[in-house]
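All remarks here apply to the structure that follows.
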Amino acid sequence: MRDLIAAIDLGSNSFRLQVGRIVNDQIYPLDGLKEAVRLAAGLSPDKRLDQAAQQRGVLALQRFHERLRDFPANRVRAVATNTLRVAKNAPEFLIRAEAALGFPIEVIAGREEARLIYVGVAHTLPDPHKQQLVVDIGGGSTEFVIGKSFAPQLLESRYMGCVSFSLNFFPEGRIDKRGMKEAELAARRELQTISAAYRAAGWEEAVGSSGTAKALVEILEQNGLSSGGITRDGLEKLKTVLLRAGRLDALDLAGLKGDRLPVILGGFAIMSAVFKEFELEHMVFSEGALRQGVLYDLLGRYHHHDLRDATINAFVRRYGVDMRQAQQVADTACHLLGQLEPDMSDPDNDDHRFLRWAALVHEIGISVAHSSYHKHSAYIVGNADMPGFSRMDQARLARLVLAHRGKLERVASIDAASVDWLLIACLRLAVVIHRARDARGLPPATLQREGRGFSLTTAPGWLQKLPLTAAALEEERRQWQGLGRSLYVRALSLRTPVAS
């Protein structure tokens, strides 16, 4: 079990589980499960996921849970894509879904999905050092990547997928010229905003990944419409076959599997538009996809090569952060956290890492304006593309950054039992302690829990020498008191509260 890791892809069409074995920094597929949940088909016009689709998803995840029952939490990563990005009631479904799976589920942004897809594809290509155009048509969105040597250069996600297009343009499985034309034009309109930039960047090979591309390759090859891969000529011949059939249930195509039948028309229309808009003649297929990318990303974290660390460092550089100040705030905050919770003193502890990341980027908003910079910092962290971070990761990081100064009532909605209150307390105190920006190092102070709040015990005479810090701590006490929590600041020699 020690060398096994697992990835779950909660796609808009299918839920997939992939178990891999780690051998010499490579991942070898060991086991896989697929459930045709068709989550996107349960999305109402007002973007709410119906109960039937939710139940299909929960049942699939319960079956995955049986396979993953003995896996440690740090060996499993579950990601959700477009349908759960757009569904208004996704938070309610995710509670049920996580209970069924037994592991946390991350909703990832479109460009993060594209990055992970490319990581998965690049590890399956015979020559990843070629410049590749990767196209992944999913159930609710389609991702486009240009990359070379395992590094993505351009990343985009478009809100069009085989499930949504099949439902919108081919109702009840009807196939006619009008529906086909409208579907292709809709897809081309989505592509026109990116196609010029992608053609300018160029590629040596076009690669399709995931279910739609695989199904089209099998249909084209097994019906003699292509001698290998997906071709422009083959797609035109297939269109003629589809239109001649007139209805989905009248199709008789070798290689078209039953689980792919309901969504093949939408996937075909999008692929046809891709070929026309990107001026493609030929596309090969890769078995690599999102779940393989998640596995390799998880492998990187396992070997302490977490992309999130690189992303945080890139933000620090991009926004001109005072690194000395950010580092000493991070060191003090994490030092205080270790006093509150010794288990969290481990640098590999997730909460420890989030606190350090928040401390390193808490001042990036100064690059926008010094006034209310914490709000600017939180906005950037919450809305920027941050490779490696899920939407929930970014939302959590943004809350911590927003709460590092000013009114605590802004984050009063955080669950009273959440560990984030510990992180917020540590970050706020570290910012107060290092307000003078004088590189004073770790403070001679100990932070402990006291009732629903905290107590900070300092060395004798320390605060008397720092009247600015003492005044700031008094204001900090008032902020916590406003939330019904206490913050006591005591000097070791006094044994009584200085601020109470």
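Can you give me the number of residues within the range 427-452 that are assigned to a helix (DSSP H, G or I) and of a type in the set (D, E, K, R)? Before the answer, list the steps.
So in the range 427-452, the residues assigned to a helix (DSSP H, G or I) come out as 427-433.
From the residues that got through so far, the ones that are of a type in the set (D, E, K, R) too are 428.
The total comes to 1.
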Report summary line: Among (1) in contact with a Leu (Cβ under 6 Å, 6 or more places away or on another chain); (2) within 18 Å of VAL321 (Cβ to Cβ); (3) modelled with pLDDT under 90, ALA378 falls short only on (3)
Query raised in the report: Going through the range 481-500 one residue at a time, which ones are at pLDDT 90 or above, out of contact with any helix residue (DSSP H, G or I) (no Cβ under 7 Å at 6 or more places or on another chain) and within 18 Å of GLY406 (Cα to Cα)?
Result: GLN481, ARG485
Query raised in the report: Is it the case that the range 358-375 has a residue that's in contact with a strand residue (DSSP E or B) (Cβ under 7 Å, 6 or more places away or on another chain) and under 30 Å from VAL86 (Cβ atoms)?
Result: no
Requested in this report: Kindly indicate which of ALA310, ALA314, ALA254 is hydrophobic (A, V, I, L, M, F, W, C) and assigned by TED's automatic domain parsing to the domain that holds GLU143.
Outcome: ALA254
Query - Failed item, numbered, when ALA187 is tested on (1) over 20 Å from ILE117 (Cβ atoms); (2) surrounded by 16 or more Cβ atoms within 10 Å (Cβ to Cβ); (3) modelled with pLDDT of 95 or more - result: (1)
Report summary line: Restricting the range 209-247 to residues that are surrounded by 15 or more Cβ atoms within 10 Å (Cβ to Cβ) and among the polar types (S, T, N, Q), the one farthest from SER286 (Cα to Cα) turns out to be ASN223
Query raised in the report: So is GLU182 out of contact with any Gly (no Cβ under 7 Å at 6 or more places or on another chain), at pLDDT below 95 and within 27 Å of SER14 (Cβ to Cβ) or not?
Result: no
Query raised in the report: Tell me, which residue of the range 139-165 that is in contact with a helix residue (DSSP H, G or I) (Cβ under 6 Å, 6 or more places away or on another chain) and assigned to a loop (DSSP other than H, G, I, E, B) is modelled with the lowest pLDDT?
Result: PHE150
Query raised in the report: Assuming VAL163 fulfils every condition listed in (1) farther than 15 Å from VAL263 by Cα; (2) aliphatic (A, V, I, L, M); (3) touching a Lys or Arg at 6+ places or on another chain (Cβ under 7 Å) apart from one, which condition is it?
Result: (1)
Query raised in the report: Of the numbered conditions (1) assigned to a helix (DSSP H, G or I); (2) loosely packed, with under 14 Cβ neighbours inside 10 Å; (3) touching a helix residue (DSSP H, G or I) at 6+ places or on another chain (Cβ under 8 Å), LEU473 satisfies every one except a single condition; which is it?
Result: (2)
Requested in this report: Working only within the range 220-254, note down all residues that are touching a residue at least 40 places away in the same chain (Cβ under 8 Å) and either touching a Leu at 6+ places or on another chain (Cβ under 6 Å) or hydrophobic (A, V, I, L, M, F, W, C) (or both).
Outcome: ILE230, LEU235, LEU242, LEU243, ALA245, LEU248
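On the basis of being within 22 Å of PRO128 (Cα to Cα), out of contact with any Phe, Trp or Tyr (no Cβ under 6 Å at 6 or more places or on another chain) and surrounded by 24 or more Cβ atoms within 10 Å (Cβ to Cβ), does MET283 make the cut? Even if it seems obvious, please write down each step before you answer.
Working: within 22 Å of PRO128 (Cα to Cα): yes; out of contact with any Phe, Trp or Tyr (no Cβ under 6 Å at 6 or more places or on another chain): yes; surrounded by 24 or more Cβ atoms within 10 Å (Cβ to Cβ): yes.
Criteria met by MET283.
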Report task. With respect to GLY138, determine if the residue is of a type outside the set (D, E, K, R) and either closer than 30 Å to LEU299 by Cα or in the same structural domain as VAL79 (by TED's automatic domain parsing) (or both). Result -> yes
Query raised in the report: How many of the residues making up the range 397-431 are touching an Asp or Glu at 6+ places or on another chain (Cβ under 7 Å) and either within 17 Å of GLY365 (Cβ to Cβ) or not assigned by TED's automatic domain parsing to the domain that holds ALA359 (or both)?
Result: 3
Query raised in the report: Taking into account only those residues within the range 453-469 that are of a type in the set (A, V, I, L, M, F, W, C) and either in a loop (DSSP other than H, G, I, E, B) or at pLDDT 90 or above (or both), which is surrounded by the most Cβ atoms within 10 Å (Cβ to Cβ)?
Result: LEU456
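Being modelled with pLDDT under 95, surrounded by fewer than 24 Cβ atoms within 10 Å (Cβ to Cβ), in the same structural domain as ILE137 (by TED's automatic domain parsing) and at negative phi: is that true of ARG260 here? Spell out how you get there, then give the answer.
On the way: modelled with pLDDT under 95: yes; surrounded by fewer than 24 Cβ atoms within 10 Å (Cβ to Cβ): yes; in the same structural domain as ILE137 (by TED's automatic domain parsing): yes; at negative phi: yes.
Answer is yes for this residue.
Name the strands (runs of 3 or more DSSP E) wholly within the range 4-106 that hold at least 3 residues that are free of Cβ contacts under 8 Å to residues at least 60 places away in the same chain? Walk me through how you get there before you give the answer.
Numbers: elements: 4-10, 15-23, 26-35, 76-80.
So the answer is 15-23, 26-35.
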Report summary line: Result of the Cβ filter at 6 Å on the range 324-343, keeping first residues that are assigned by TED's automatic domain parsing to the domain that holds ALA403 and partners that are among the hydroxyl-bearing types (Ser, Thr, Tyr), at least 6 apart or interchain, is GLY338/SER345; GLN339/THR446
Report summary line: Filtering helices (runs of 4 or more DSSP H) wholly in the range 221-325 for at least 2 residues that are under 24 Å from ALA114 (Cα atoms) gives 264-277, 290-302, 307-318
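The values are calculated or read from the model by the stated rules, or taken from the named source; none is laboratory data. Since we're looking at a predicted model, the values are computed, not measured. Note that we place each Cβ from the backbone using ideal geometry, even for glycine, and neighbour counts take in every protein chain shown.
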